[in-house]
Amino acid sequence: MKRIIGNLLLFALVAAVVSFFLAPAVAFFGIRSAAQSDDVAGLARLIDFNAVRASLRLQLSGRAEALTPAPSFMDDPIGAVRRQFEVAAAPAGPDPDAFLTPDAIDRLLRGQGRYAAVSSTATMPQDIEPAPWPSPTYWGINLARFAVTDEGGSRTVFTFERKGPFEWKLVHIGLPDGPTPVRPAQPQQGGAAKR
């Protein structure tokens, strides 16, 4: 009897350790499944949208000064005021929310990178071509990164952060280098046609 209880405890310990380390991969495939089925509630449980939106905003701005912290008003008052005017006058970059729709997330997980927000689902062969497997690039106790590589070798990196013993959330999406394509303007509907 002691041997059976000892084996059960050992099995439970091994299962807990394996689950502890495989949880980021489960979260990645959970996001892929939720995005493919347009499960917004499931995506909200697995993605920290505020953190991902902030990371995308910095990458999409294309400006190096957006990545550097602003000077302190106490240390450099003229530089701080100048920075406020530069930020206000800067042209707005692509909208990071275009990358956070279920379809765009699905395309990001398929390796489409910066084109995920502009390509359409009609051109994506979901049923014909299986989604690429992610490759782990970093695996730690509180942080894990997966990369999805497209046919051209561009890598989109997904960073997960531990929020609980077995709970992981996507906190950062690293887009490949290069320019972000502009989404074509959508025609307005419902208005009368001008002659």
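The values are calculated or read from the model by the stated rules, or taken from the named source; none is laboratory data. Nothing here was measured: the structure is a model prediction, and the numbers come from that model. Backbone-built Cβ (ideal geometry, glycine too); neighbour counts: all protein chains shown.
Before moving on, here are some points about what is shown:
- Residue within the range 120-132 that is modelled with pLDDT under 75, within 23 Å of Leu170 (Cα to Cα) and under 18 Å from the mean Cα position of the chain (by Cα) present: no
- Residues of the range 152-179 that are touching a helix residue (DSSP H, G or I) at 6+ places or on another chain (Cβ under 9 Å), under 14 Å from Pro134 (Cα atoms) and of a type in the set (Val, Ile, Thr): Thr156, Thr159, Ile173.
- Filter pass, Gly6 being in a helix (DSSP H, G or I) and surrounded by 13 or more Cβ atoms within 10 Å (Cβ to Cβ): no
- Checking each residue in the range 14-25 for being closer than 16 Å to Phe158 by Cα and touching a residue at least 40 places away in the same chain (Cβ under 8 Å) picks out Ala23, Pro24, Ala25.
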